[in-house]
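Presented below is the structure to which this report refers.
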Amino acid sequence: RFNTAEFHGDEVLALRNISKSYGEKNLFSGISLKVEGGERIALIGDNGTGKSTLIKIIVNLLRPTAGRVTLDDKE
């Protein structure tokens, strides 16, 4: 069982013009997103389109080729 936290309006995640390339292969580019407290999101896409890579960038396991991630981890 998970407890729920009530918070709304605070920016908890922001992606600004995120891109990721491996050498000549451009996996994705120009991803921008803002998630506020209380919102739920889903990451959907075909295999090999970079979903896991994007998650790794968000949690700081990988660095983006370009762009900036702001994650408010106030826990």
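The values are calculated or read from the model by the stated rules, or taken from the named source; none is laboratory data. This one's a predicted model, so the numbers in the text were calculated from it and none came from an experiment. Accessible surface areas use protein heavy atoms only, side chains included; no ligands, DNA or RNA. Shrake-Rupley method; radii C 1.70, N 1.55, O 1.52, S 1.80 Å.
Which ³J(HN,Hα) values in Hz, rounded to whole numbers, follow from the phi angles of the stretch 19-32 under the Karplus curve 6.51 cos²θ - 1.76 cosθ + 1.60, where θ = phi - 60° and Gly and Pro get x?
The phi angles translate into 9, 9, 10, 10, x, 7, 8, 8, 6, 7, 8, x, 7, 10 Hz.
Per residue, how much accessible area does the stretch 8-75 show when a 1.4 Å probe rolls over the protein heavy atoms, in square angstrom? Could the numbers behind the result be given before it?
Numbers: 5120 Å² over 68 residues.
Here the residues of the stretch 8-75 average 75 Å² of exposed surface.
Would you pull out the residues with amide H under 5 Å of residue 28's amide H, same chain only if 5 or more places away, H placed 1.01 Å from N?
20
Step through the residues of the stretch 36-51 one at a time and calculate ³J(HN,Hα) from phi using the Karplus curve (6.51 cos²θ - 1.76 cosθ + 1.60, θ = phi - 60°), rounding each to whole Hz and writing x for Gly and Pro.
10, x, x, 7, 10, 10, 10, 10, 10, x, 5, 4, x, 8, x, 4
Search the structure for amide H atoms under 5 Å from the amide H of residue 12, placed 1.01 Å from N in the peptide plane, and list their residues when 5 or more places away or on another chain.
Residues meeting the criterion, in which the H sits 1.01 Å from N, are 35, 36, 37.
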